[in-house]
Every structure is written in structure tokens, then in C-alpha cells.
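I am attaching a structure below and will ask some questions about it afterwards.
The values are calculated or read from the model by the stated rules, or taken from the named source; none is laboratory data. What you see is a predicted model, and the numbers here were worked out from it, not measured in a lab. Here Cβ is always computed from backbone atoms with ideal geometry, including for glycine, and neighbour counts include all displayed protein chains.
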Amino acid sequence: MSLAEIENYAMNITLTIFMLWMVFIIWQLGKESGGGKWAYIALSLALGLGFVGFIAKIILVEFVLDIE
């Protein structure tokens, strides 16, 4: 296994852990805001949109465009 492969796996694992931590932060903000269901939905959509873009980029580059 080359160093580039190890770095790729480490980055994917680290970013996954970071994204899960950010989901927890979004959930905590929604719970503590006291704004109700719609405030939680707005927080999830606004802050979670970055995750969707990041995951879409990975899918597009790895599987659709087949760029290495």
C-alpha cells in the first residue's frame, strides 16, 4: 500500500468523523434554539447543504467523471 493510498483513506475517515461531529452540532443547535420544528429544519437545510455539496462532489469525481 502506497503512502498516497494511506493518505486518501485517512482523509476520508477523518472527514467522515468531522462531518458526523458537525451533524451533532447542528442537532444540538436546533435543540437548544427553542425555535421549534421549523427552526430545526432551517438549520439543518442551511448548514447541511455544505455536506450535500461535498458528498455530491465525491460521487461526481469518483464515479461519474472517473477522474484520478
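Just to be sure I understand the filter: pairs with C-beta atoms under 9 Å, separated by 6 or more residues or on different chains, first member in the range 1-30 and closer than 12 Å to Gly48 by Cβ, second member β-branched (Val, Ile, Thr) and at pLDDT below 85. Which pairs pass?
Taking only residues 6 or more apart or on different chains, the pairs are Met19/Ile55; Gly30/Ile41.
Of the residues Gly50, Gly30, which is at negative phi and either surrounded by 13 or more Cβ atoms within 10 Å (Cβ to Cβ) or modelled with pLDDT of 85 or more (or both)?
Working: Gly50 fails: either surrounded by 13 or more Cβ atoms within 10 Å (Cβ to Cβ) or modelled with pLDDT of 85 or more (or both).
Sole residue among the options that is at negative phi and either surrounded by 13 or more Cβ atoms within 10 Å (Cβ to Cβ) or modelled with pLDDT of 85 or more (or both): Gly30.
For the range 48-64, how many residues are within 17 Å of Thr16 (Cβ to Cβ) and under 15 Å from the mean Cα position of the chain (by Cα)? Even if it seems obvious, please write down each step before you answer.
First, pick out the residues of the range 48-64 that are within 17 Å of Thr16 (Cβ to Cβ): 48, 50-59, 61-62.
Still in the list and also under 15 Å from the mean Cα position of the chain (by Cα): 48, 50-59.
Total satisfying the criteria: 11.
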